[in-house]
């Protein structure tokens, strides 16, 4: 609740005409969302092959991660699975200083932490993820990262724990020297 | 459009951090009463009602059931539009189209949100549970990632972004309805505010607000009695692919907004938006977004947004005032925010904007924004189409 902590709520002892009541409800519920045919195939491949797969559009050749059965741009059905690399490039980066809850533990994540917009090798789309680096200030757009999978894969998106920073990408021209 | 339609009344609550004194229905009742008074109409004059609200923020399902009667909806057709940040503009477009079709003569559009009742970050994070929910960082982290690309591409500075926040809060200080107001704000103060996610400072972001806004739309013969209706000339809506990572260089390219703006300019005959629009009310949830939207809307050349804010042209008194009301950076009750953009543009054409009235405002542009994947663009004029 975002209500002020001194709000009397439904405490009649503090009842005043200028203080209003509210109903507080905490819900602990479970949802079971079907991931669908395509993502079932994606997670089964992830679990057995330790590899992410994208879906390629036969028209525009764009490779989508996460895979899906339709290319929105071309209004075409897709069915070509493409194995992606286990590394990628940072195309957007921020260092977060505000508290957000870790969805796995329910505890606030320790700050500061690095959030990256990552393009995995072989995919045209990007994804947000946590980047582990010795110092957040070292991480820049263009740097290379590697997927860190959890040891015992479960076949869900939590198998990607974070991305490990590998250091700056070789600058153009340096690679040939 | 089948027939001309205009907005003839607007009403807003005083948007603020929390309104514990009213429930959602009582909140919208305030805005509706002011809008009806403004249009010189009463409850029985309304033929149909469009509600706009993002109910997952309050965690109360079916707001059209709980709140319809507080908008005078009993015995009338009531529908709800909920498309994220564009809810309010999409709801306004729906209401305008209903009146333009001739099915209804007088339509009421009401948007609202009470962020104080729920958990906004949770609402923002309810993305695909199979793919991106476990790494959801809410709006701020996503904005910061997009902004890092925009900054890398365009070279805009933290100071230029802070100038947007300064313009907004100084304008907001002139607007009795808005939430954040600071006549004395400076670029230094924005840059000294806490860093949330680099390069976004606290004062670069919009607030979470409680508030409601209403519009009265009339078509056909009903427009005759009004002296200066705000005529609706056209709109365009674009939806895009679902995952935020689907949009290449999303803030730089912003293809939904760019494409919708081009369609509207073509429909209404605008070739130089910067010269031909008198005032714009655009959906800028973060300072950097206003700079990126200047480019997407063609207010300046690609890469010149930083220069445009520095020039002062988008301030009140400038060549194209943008968000003279203070904009989303001053008040963001999400389901109402798009309605507020329309209401503020209309107030300028009605010459009822008080201390932030733009002299000679006759042609107004409005935009709505929802996580890059949705954009609405609307155009209003004092002149009848």
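Read-outs throughout are calculated quantities, based only on the coordinates presented, and are distinct from any laboratory measurement. Predicted model, so just to flag it, every value in this text is computed and none were measured. FYI the Cβ positions are ideal-geometry reconstructions off the backbone, even for glycines, and counts take in every protein chain you see.
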Next item on the list: For a quick protection proxy, order the peptides A:80-91, B:31-42 by their average other-Cβ count within 10 Å, most packed first.
Entry: B:31-42, A:80-91
Check: Using a simple spin-label model with points 7 Å from Cα along the Cα→Cβ vector, what separation in nm is obtained for residue A:148 and residue A:58?
Finding: 4.1 nm
Item checked: Three-way shape call for region B:106-201 based on the alpha-carbon gyration tensor, with the a/c threshold at 1.5 -> oblate
Checklist line | Label point 7 Å beyond Cα of residue A:156 along Cβ direction - residues of region B:119-133 with amide nitrogen under 11 Å | finding: B:129-131
Next item on the list: Before anything else, pin down the relative contact order of region A:36-167: Cα pairs under 8 Å, at least 6 apart, normalised by residue count, whole percent.
Entry: 22 percent
Notebook entry, point to check: Going by average Cβ neighbours within 10 Å, how do the peptides B:246-256, B:269-279, B:305-315 rank, with the highest at the top?
Noted result: B:246-256, B:305-315, B:269-279
Next item on the list: Grab the DSSP H runs of the protein assembly as shown that are 4 residues or longer, score each as -39,500 (n - 2.57), total them, divide by all residues and round the 222 nm result to the nearest 500 deg cm²/dmol.
Entry: -8000 deg cm²/dmol
Item checked: Exposure proxy order (Cβ contacts within 10 Å, fewest to most) of A:149, A:42 -> A:149, A:42
Notebook entry, point to check: By the gyration tensor of its Cα atoms, with a ≥ b ≥ c the square roots of the eigenvalues, what is the shape of region A:36-167: rounded for a/c under 1.5, prolate for a/b over b/c, or oblate?
Noted result: prolate
Item checked: Prolate/oblate/rounded call for the protein assembly as shown, Cα gyration tensor, a/c under 1.5 rounded -> prolate
Check: If contacts are Cα pairs under 8 angstrom and at least 6 residues apart, what is the relative contact order of chain B in percent?
Finding: 26 percent
Checklist line | Inter-label distance for residue B:74 and residue A:73, nm, one decimal - labels placed 7 Å from Cα along Cα-to-Cβ | finding: 5.4 nm
Notebook entry, point to check: Expressed in nm to one decimal, what extension gain is obtained for the pair residue A:109 and residue A:32 from 0.36 nm per residue of sequence separation less their Cα-Cα distance?
Noted result: 25.2 nm
Item checked: Cα→Cβ-extended label distance, 7 Å offset, between residue B:61 and residue B:276, nm -> 4.7 nm
Next item on the list: Partner chain Cβ atoms within 10 Å, averaged over the residues of A:86-99 - can you pull that number for me?
Entry: 6
Next item on the list: Could you work out the mean count of beta carbons from other protein chains within 10 Å of each residue's beta carbon in B:147-157?
Entry: 3
Note to self: Counting other beta carbons within 10 Å of each residue's own, what order do B:293, B:231 fall into, fewest first?
What the structure shows: B:231, B:293
Item checked: Other protein chain Cβ atoms within 10 Å, averaged over every residue that makes up B:231-244 -> 2
Checklist line | Footprinting exposure proxy for A:99, B:227 (fewest neighbouring C-beta atoms within 10 Å first) | finding: B:227, A:99
Item checked: Between region B:22-93 and region B:234-295, the alpha-carbon center distance in angstrom -> 26 Å
Next item on the list: For an R0 of 56 angstrom, estimate the FRET efficiency from the Cβ-Cβ distance between residue A:50 and residue B:3 and round to the nearest 0.05.
Entry: 0.35
Check: So what is the relative contact order of region B:32-177, in percent, for Cα pairs below 8 Å that sit 6 or more residues apart?
Finding: 24 percent
